[in-house]
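Enquirer: Let me give you the structure first, and then I'll get to my questions.
A short reminder: the numbers here are calculations on the coordinates, not readings from a lab. What you see is a predicted model, and the numbers here were worked out from it, not measured in a lab. Reconstructed Cβ throughout: ideal geometry from the backbone, glycine too, with neighbour counts over all protein chains shown.
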Amino acid sequence: MNNPPEELTAGSESGAMKAMNKPLTRRKAWKALATHYTKLQKLHLRKLFAEDPKRGERLTAEAAGFFLDYSKNRITDETLKLLFALARESGLGAAKDAMFRGEKINLTENRAVLHVALRAPKGTSFTVDGRNVVPEVHAVLDKMADFSNRVRNGAWQGYTGKRIRNIVNIGIGGSDLGPVMAYEALKYYSDRAMTFRFVSNVDGVDFVEAIGDLDPGETLFIVSSKTFTTLETMTNAQSARAWLLKRLGGDAKAVAKHFVAVSTNAEKVSAFGIDTANMFGFWDWVGGRYSMDSAIGLSTMLAIGPENFRALLKGFHEMDEHFRTAPFERNLPVLMGLLSIWNNNFLGAHTVAVLPYEQYLKRFPAYLQQLTMESNGKSVTLDGKKVDYQTGPIYWGEPGTNGQHSFYQLIHQGTRLIPCDFIAFTHALTPLGAHHDILLANVFAQAEALAFGKTAAEVKAEGTPDWLVPHRVFEGNRPSNMILAERLTPEVLGNLVALYEHSVFTQGVIWQIDSFDQWGVELGKALAQGIVPELESKATLKHDSSTNNLIRRYWRLKEAK
Ligand code: F6P
């Protein structure tokens with residue numbers, strides 16, 4: 001592309017792009033929010049709750065499996081009004097429609113962004129370049145289901161005639177984080193007679209430890225890579241191939257029985273030696289970090305079975321429909337996205353802590369890190385101008401209650417403002433005595449403590465000596481969302497992931513950035529490709545003095561061993 005796409009030019013017909021014409025910080029609603037913030041700055045959640053006894057019931061919304069209590073954010077009705085005005089002024093509605101219409105809203109890669117089509121029910125239509133892609137989506141899903149059934153019921157046998165009992169997914173980024181997260185999240189529903197492993201890191205430890213106790217004759221590798229060129233994945237896949245062939249007698253025909261691929265790149269898959277009949281495809285309109293419900297989810301389907309996988313897709317679709325149709329005022333992803341903008345751009349929070357009070361969601365924060373930060377970690381607008389406001393915050397987190405005994409101290413009493421997303425379920429999948437009541441008591445207590453804190457007067461009244469009082473005061477006024485659902489089912493996991501996907505989209509639209517490219521990962525990749533041969537055999541180094549010195553040191557120590 002020599003020129004930016006036409007949509008970028010002022011006065012374009014694309015609704016999604018029209019809003020870009022006015023810089024964000026010059027928009028009426030943005031300025032109004034800035035003024036509003038100066039008035040609200042000192043206002044405490046204690047006061048807001050005291051003045052409105054129904055606040056905790058009023059500032060809530062419910063849809064697609066989830067109940068969102070956002071009352072413990074530092075907002076008033078006026079804040080919300082202005083945030084909705086900002087969304088309208090930013091063309092959120094039009095941008096949303098453009099995405100669902102299959103427009104090429106990923107401008108820098110000139111691609112449609114249609115992960116919503118991955119979970120569209122049969123018979124519906126989503127078009128890319130005038131072609132309805134839903135039948136293709138279902139053809140792949142059917143092929144995945146057939147394959148999964150054959151592996152799960154033992155009909156698919158390995159090269160030596162053994163049943164497949166171990167599945168190893170090889171992939172990285174979006175081709176790993178979604179599958180790992182979903183496997184852990186839905187372990188309760190998985191076939192416990194099978195073993196699942198995930199290899200992502202190019203550090204050989206990852207592969208060696210993953211396969212150490214596996215029988216190659218019972219092992220199936222899924223090489224998952226959208227591009228089928230990613231260095232880490234290809235290196236691990238080659239090692240897997242060598243490991244398998246060495247142990248199964250060296251006949252290359254064994255590869256077809258023990259390797260399948262998930263990719264958009266049939267040519268490279270076939271060059272690797274995998275029969276393209278055993279390739280599960282997807283499309284360039286699915287971003288890596290939005291692909292866990294495409295064929296990238298093959299390991300998930302193998303673990304939980306096709307029916308549960310379809311329930312997962314149903315959950316995604318429910319949230320898609322809610323996002324597409326609900327008014328902003330009751331739209332969960334829009335609300336969460338706008339509250340994040342408020343916390344980040346006006347209250348000055350730099351991070352968001354995601355705290356699932358559900359052990360099965362232990363990998364959810366890691367999954368969200370790619371979804372949110374690879375999407376919204378951008379510093380130029382769609383038309384290439386440097387932004388003069390903060391964009392994507394840093395996402396991080398751990399399951400509760402573990403985090404409470406680690407970093408929560410800083411959230412409660414540190415100098416930084418850290419908005420929290422608490423995620424909890426009213427029913428445990430594995431009920432055990434009083435565990436679930438204790439777990440839920442903790443999540444409710446944390447949100448309460450963060451919001452209301454404990455004043456010096458309250459601390460003193462407990463008989464605390466004066467010198468200790470400042471140490472025991474909790475300022476409170478720390479914002480949080482409570483995201484509640486009944487139980488963690490495949491459907492609810494779909495609801496949850498789509499909730500965050502669309503919240504990320506909402507924020508990206510307001511910030512006028514391309515949430516669907518990831519150019520920021522390229523430079524390091526390219527430099528590493530150049531350094532690999534330099535480490536393998538000495539060469540004249542042309543890096544900066546620090547990098548040259550590190551490479552020389554590596555050579556020296558490598559030789560010395
Ligand atoms: O790290 C960049 C990235 O392109 C991610 O966006 C992607 O999920 C990951 O690498 C893996 O890419 P692939 O699936 O093509 O191997």
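Enquirer: From largest to smallest, what semi-axes in whole angstrom does the stretch 417-561 give when each is the square root of 5 times an eigenvalue of its alpha carbon gyration tensor? Can you show the working numbers first?
Expert: Values: eigenvalues 465, 152, 78 Å².
In descending order, the three semi-axes are 48, 28, 20 Å.
Enquirer: Quick one: which residues, 5 or more positions from Phe221 or on another chain, have an amide H under 5 Å from its amide H? H modelled 1.01 Å from N in the peptide plane, none for Pro or chain starts.
Expert: Residues meeting the criterion, in which the H sits 1.01 Å from N, are Val168, Phe259, Val260.
Enquirer: While we're looking at this one, here's another question. When the Kirkwood radius is taken over all Cα pairs of the stretch 315-379, what Stokes-Einstein diffusion coefficient follows at 25 °C and 0.890 mPa s, in µm²/s?
Expert: Using the Kirkwood radius from Cα pairs, D works out to 179 µm²/s.
Enquirer: Additional query: Using the alpha carbon gyration tensor of the stretch 29-137, what are the three equivalent-ellipsoid semi-axes (square root of 5 times each eigenvalue), largest first, in whole Å? Numbers along the way, then the final one.
Expert: Details: eigenvalues 300, 74, 16 Å².
Semi-axes (√(5λ), whole Å): 39, 19, 9.
Enquirer: What size of dipole, in debye to the nearest 20, comes out for the chain about its Cα centre when the only charges are +1 on Lys and Arg C-beta atoms and -1 on Asp and Glu C-beta atoms?
Expert: Working: 64 positive and 60 negative charges, 148 e Å.
The dipole of the chain has a size of about 720 debye.
Enquirer: Next question. Which whole number in µm²/s is D for the stretch 283-431 by Stokes-Einstein, with the Kirkwood Rh taken over Cα pairs at 4 °C and 1.567 mPa s?
Expert: On the way: Rh = 17.8 Å.
After rounding, the answer is 73 µm²/s.
Enquirer: For Lys268, give me every one of the aspartates and glutamates with a C-alpha distance below 13 angstrom, ignoring sequence neighbours fewer than eight places off in its own chain.
Expert: Straight-distance partners of Lys268: none at all.
Enquirer: Applying a 10 Å radius around every beta-carbon, put 209-217, 479-487 in order of their mean neighbour count, most first.
Expert: Details: 209-217: 15.8, 479-487: 20.9.
Sorting 209-217, 479-487 by mean packing, highest first, produces 479-487, 209-217.
Enquirer: I need the phi-derived Karplus couplings for the stretch 100-112: 6.51 cos²θ - 1.76 cosθ + 1.60, θ = phi - 60°, integer Hz, Gly and Pro marked x.
Expert: 5, 7, x, 5, 7, 7, 7, 5, 6, 10, 6, 10, 6
Enquirer: Arrange the peptides 255-261, 291-297 so that the one whose residues have, on average, the most other Cβ atoms within 10 Å appears first.
Expert: Working: 255-261: 22.3, 291-297: 28.1.
So the peptides 255-261, 291-297, ranked by packing, come out 291-297, 255-261.
Enquirer: Convex hull over the alpha-carbon atoms of the stretch 118-187: what's its volume per residue in Å³? Each step should come with its number before you reach the end.
Expert: Numbers: hull volume 9.8 nm³, N = 70.
Spread over its residues, the Cα hull of the stretch 118-187 gives 140 Å³ apiece.
Enquirer: Which number do you get for Rg(Cα) / (2.2 N^0.38 Å) in the stretch 194-315? Spell out each step's value before the answer.
Expert: Working: Rg = 14.4 Å, N = 122, 2.2 N^0.38 = 13.7 Å.
Computed over Cα atoms of the stretch 194-315, the ratio equals 1.05.
Enquirer: Between 0 and 90 degrees, rounded to the nearest ten: what's the tilt of helix 435-452 against the longest Cα principal axis of the chain?
Expert: Relative to the chain, helix 435-452 is tipped by roughly 50 degrees.
Enquirer: I'd like to know how the stretch 425-469 sits against the 2.2 N^0.38 Å rule of thumb: what's its Cα Rg over that expected value? Each step should come with its number before you reach the end.
Expert: Working: Rg = 16.0 Å, N = 45, 2.2 N^0.38 = 9.3 Å.
Normalised Cα radius of gyration, the stretch 425-469: 1.71.
Enquirer: Now, a different point. Can you give the Kirkwood hydrodynamic radius of the chain from its Cα pairs, in Å with one decimal? Working shown, then result.
Expert: Working: mean 1/r = 0.0392 Å⁻¹.
After inverting the mean inverse Cα-Cα distance, the result is 25.5 Å.
Enquirer: In addition: Under 15 Å from the Cα of Lys460, which aspartates and glutamates turn up, not counting those fewer than eight places away in the same chain?
Expert: Glu475
Enquirer: Here's a follow-up. Pop a pseudo-label 7 angstrom from the Cα along the beta-carbon direction at both Ala50 and Ala560 and give the gap in nm to one decimal.
Expert: 6.6 nm
Enquirer: Which angle from 0 to 90°, rounded to the nearest 10, does the C-alpha axis of helix 134-152 make with the longest principal axis of the chain?
Expert: Long axis of 134-152 versus the principal axis of the chain: about 60 degrees.
Enquirer: Remind me, relative contact order of the chain in percent, using alpha carbon pairs under 8 angstrom and six or more residues apart?
Expert: Once divided by the residue count of the chain, the mean separation gives 18 percent.
Enquirer: So, one more: Taking amide hydrogens as modeled 1.01 Å from N in the peptide plane, which residues meet the under 5 Å criterion relative to Phe282, leaving out close sequence neighbours?
Expert: Correct list: Ser263, Thr264.
Enquirer: What FRET efficiency comes out for Trp519 versus Asp275 if R0 is 51 angstrom and r is the Cβ-Cβ distance? Round to the nearest 0.05.
Expert: On the way: r = 34 Å, r/R0 = 0.66.
My answer for the efficiency is 0.90.
Enquirer: For Asp97 and Lys386 in one chain, what is 0.36 nm times their gap in residues minus the Cα-Cα distance, to one decimal in nm? Can you show the working numbers first?
Expert: Details: separation 289, 0.36 × 289 = 104.04 nm, distance 2.62 nm.
Gain on extension, Asp97 to Lys386, equals 101.4 nm.
Enquirer: Report the percentage of all Cα-Cα pairs in the stretch 273-326 whose separation exceeds 18 Å, rounded to a whole percent. Intermediate values should be presented prior to the final figure.
Expert: Numbers: 662 of 1431 pairs.
Taking all Cα-Cα pairs of the stretch 273-326, the fraction more than 18 Å apart is 46 percent.
Enquirer: Here is a further query. From the P(r) of the stretch 67-185, can you give the percent of Cα pairs sitting at distances over 25 Å? Could the numbers behind the result be given before it?
Expert: Values: 3834 of 7021 pairs.
Tail fraction, whole percent: 55.
Enquirer: Tell me the Rg and the Dmax, in Å, that the Cα atoms of the stretch 384-460 produce.
Expert: Reported Rg and Dmax, both Å: 16.8, 57.
Enquirer: Tell me, in nm to one decimal, what length is gained between Ala445 and Thr38 on full extension, where the rule is 0.36 nm per residue of separation less the Cα-Cα distance? Mind dumping the intermediate values first?
Expert: Values: separation 407, 0.36 × 407 = 146.52 nm, distance 2.96 nm.
Gain in length upon complete extension: 143.6 nm.
Enquirer: How big is the stretch 498-561 by Rg and Dmax over its Cα atoms, in Å?
Expert: 19.7, 55
Enquirer: On average over all directions, what projected area in square nanometres does the stretch 430-514 have, based on the convex hull of its Cα atoms? Before the final figure, lay out each step's value.
Expert: On the way: hull surface 38.2 nm².
That works out to 9.6 nm².
Enquirer: Relative to the longest principal axis of the C-alpha atoms of the chain, give the angle of the C-alpha long axis of helix 522-536, reported between 0 and 90° and rounded to the nearest 10°.
Expert: 40 degrees
Enquirer: Kindly flag which residue pairs out of Lys122/Lys362; Lys143/Lys226; Lys28/Lys81; Lys226/Lys362; Lys54/Lys96 have an alpha-carbon separation exceeding 21 Å in this structure. Present the calculation step by step, with values, prior to reporting the outcome.
Expert: Numbers: Lys122/Lys362 32 Å; Lys143/Lys226 18 Å; Lys28/Lys81 13 Å; Lys226/Lys362 25 Å; Lys54/Lys96 32 Å.
Lys122/Lys362; Lys226/Lys362; Lys54/Lys96, as the Cα separations exceed 21 Å there.
Enquirer: Still on this model: Rg to Rh ratio, the stretch 121-241, alpha-carbon atoms and Kirkwood radius? The partial results should precede the final answer.
Expert: Details: Rg = 16.3 Å, Rh = 16.0 Å.
When Rh is taken as the Kirkwood radius, the ratio is 1.01.
Enquirer: State the three equivalent ellipsoid semi-axes of the stretch 466-534, derived from the C-alpha gyration tensor as the square roots of 5 times its eigenvalues, in descending order and whole Å. Present the calculation step by step, with values, prior to reporting the outcome.
Expert: Numbers: eigenvalues 292, 143, 53 Å².
So the three semi-axes of the stretch 466-534 are 38, 27, 16 Å.
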